[in-house]
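*Asks:* Quick one: this structure, given as structure tokens, is what I'll be asking you about.
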Amino acid sequence: MTEQLTVEAITKGFAHRKRGFQPVLGEISFSVEEGEFVTIIGPSGSGKSTLLKVLAGLELPDSGRVCLEARPITGPSRRLGVVFQQHVLLPWLTAEQNVIFALDADGRSDRSPAQKEELAEKWLDLVHLSEAADKKPGQLSGGMQQRVGIARAFALESEVLLLDEPLGALDALTRHSLQQQLLHLSEQEKRTFVLVTHDVDEALMLSDRILVLSQGPGARVQQDIRVPFGRPRDREAVESSEDYLGLRRDLLESLTSAAD
Ligand SMILES: Nc1ncnc2c1ncn2[C@@H]1O[C@H](COP(=O)(O)OP(=O)(O)OP(=O)(O)O)[C@@H](O)[C@H]1O
Ligand SMILES: [Mg+2]
């Protein structure tokens, strides 16, 4: 396995008008192998979204660097796809047009309009949204809008997908079914994933490794946990396995102590 993404001793903070410079990320280092699914979990406000933005090249670290296959990331790249915490769909475009818009914007000139339409249809179908392809975001439920965001990120064919709570703010049933879809997609597609979530069960179900961030200021990777379940994964088999409850308890304990 080769290391695809390496995070080398990055720090990041923000200057506040009244409180001066506030550190958010302490020295953070880890690497992600090609095809690996890594989840970042941590208390609210610990800096998970900030870390993901640095990985995406949307924010630059104050020190240290992030490399994609040994080359420093200095700005956004189409090799790195992002799904944000809030789905950011253009309200005047339909679901399908939103996906096509992203394909238009990604700077690849080798796709014809028909190919883009085909790609958009394929990914909307894979997240079970074919019926809603012609609807605008205002006519879609929150869960459907999040699925459009996921379809859009996958359609871009970026090698690394960075997902910031893509299933946040959903009811348990929709979340459960979207986790299933995400599991399926991530196992079919040999891409590298970095997911941010609050949900311990989601992390255990989807990931190969889980990094627990400590509460900031100056958050660090407090724990790096390998998830031992084989692939393809089956939820029932995972949840009934001997390791599951122990890992879940360790993770919850680690999160609680991270928040102290
Ligand atoms: N652009 C910014 N300017 C100033 N401060 C910021 C900025 N972005 C993030 N912060 C601060 O950095 C800290 C971490 O924020 P971040 O959004 O990364 O946390 P998080 O772990 O993703 O939280 P949540 O779980 O609630 O999404 C917070 O204190 C936040 O106020
Ligand atoms: Mg966040």
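The values are calculated or read from the model by the stated rules, or taken from the named source; none is laboratory data. Only a predicted model underlies this, so the values are computations on that prediction, with no experimental measurement involved. Note that we place each Cβ from the backbone using ideal geometry, even for glycine, and neighbour counts take in every protein chain shown. Note: accessible area is taken over every heavy atom of the protein model, side chains too, but ligands, DNA and RNA are not part of it. Shrake-Rupley method; radii C 1.70, N 1.55, O 1.52, S 1.80 Å.
*Asks:* Over the range 89-157, average the accessible area per residue using a 1.4 Å probe and give it in Å², no decimals. Can you show the working numbers first?
*Replies:* Numbers: 3440 Å² over 69 residues.
Heavy-atom SASA per residue in the range 89-157 reads 50 Å².
*Asks:* Continuing with this model, one more query. Return the distance in nm (one decimal) between the two label points of a simple spin-label model at Ser177 and Glu27, each offset 7 Å from Cα along Cα→Cβ.
*Replies:* 4.8
*Asks:* Using DSSP, restrict attention to beta bridges with both residues in the chain and report what percent are antiparallel, rounded to the nearest 5. Walk me through the intermediate numbers first.
*Replies:* On the way: 22 of 40 bridges.
The answer is about 55 percent antiparallel.
*Asks:* Related question: Using Cα springs under 10 Å in a Gaussian network model of the chain, which residue among Gly149, Gly75, Gly230 shows the largest mean-square fluctuation?
*Replies:* Top of the fluctuation ranking is Gly230.
*Asks:* What is the distance, in nm, between label points placed 7 Å from the Cα along the Cα-to-Cβ direction at Leu252 and at His184?
*Replies:* About 2.9 nm separates the two model spin labels.
*Asks:* In units of 2.2 N^0.38 Å, what is the alpha-carbon radius of gyration of the chain? All intermediate terms of the calculation are to be shown ahead of the outcome.
*Replies:* Numbers: Rg = 18.4 Å, N = 260, 2.2 N^0.38 = 18.2 Å.
Relative to the rule-of-thumb radius for its length, the chain sits at 1.01.
*Asks:* Quick one: if the Förster radius is 35 Å, what FRET efficiency do Arg17 and Ala259 give, using the C-beta to C-beta distance and rounding to 0.05? Write out the running numbers ahead of the final one.
*Replies:* Working: r = 27 Å, r/R0 = 0.78.
The computed FRET efficiency comes out at 0.80.
*Asks:* Still on this structure, please answer the following. Which Cα, out of Gln179, Val160, Ser44, lies furthest along the positive dipole direction of the chain (beta carbon charges, K/R +1, D/E -1)?
*Replies:* Going by the Cα projections, it comes out as Ser44.
*Asks:* Could you please state how large a percent of the accessible area of the chain is carbon and sulfur, counting protein chains only and using a 1.4 Å probe? Numbers along the way, then the final one.
*Replies:* Values: 6250 of 12580 Å².
C and S fraction of accessible area: 50 percent.
*Asks:* Which residue, Ala133, Ala56, Ala114, has the most motion in a Gaussian network model of the chain that connects Cα atoms within less than 10 Å?
*Replies:* In this elastic network of the chain, the residue with the biggest mean-square fluctuation among Ala133, Ala56, Ala114 is Ala114.
*Asks:* Oh, and also: Would you work out the Kirkwood radius for the range 170-225? I mean one over the mean of 1/r across all pairs of different Cα atoms, in Å.
*Replies:* On the way: mean 1/r = 0.0788 Å⁻¹.
After inverting the pairwise mean of 1/r, the radius is 12.7 Å.
*Asks:* Ok, one more. Given the rule -39500 (n - 2.57) for each run of at least 4 DSSP H residues, summed and divided by the residues of the chain, what is its mean residue ellipticity at 222 nm, to the nearest 500 deg cm²/dmol?
*Replies:* Numbers: 8 runs with 95 residues, N = 260.
About -11500 deg cm²/dmol.
*Asks:* Follow-up question, since we're still on this one. Report, in listed order, any pair from Lys12/Lys53; Lys122/Lys190; Lys48/Lys122 with a Cα-Cα distance greater than 21 Å. Could you put the intermediate results ahead of the total?
*Replies:* Details: Lys12/Lys53 11 Å; Lys122/Lys190 17 Å; Lys48/Lys122 31 Å.
Those over the limit are Lys48/Lys122.
*Asks:* Once Rh is set to the Kirkwood radius over Cα pairs, what Stokes-Einstein translational diffusion coefficient, in µm²/s, holds for the range 1-153 at a temperature of 37 °C and a viscosity of 0.692 mPa s? Don't jump to the answer; show the numbers that get you there.
*Replies:* Values: Rh = 17.5 Å.
Once the numbers are plugged in, D ends up at 188 µm²/s.
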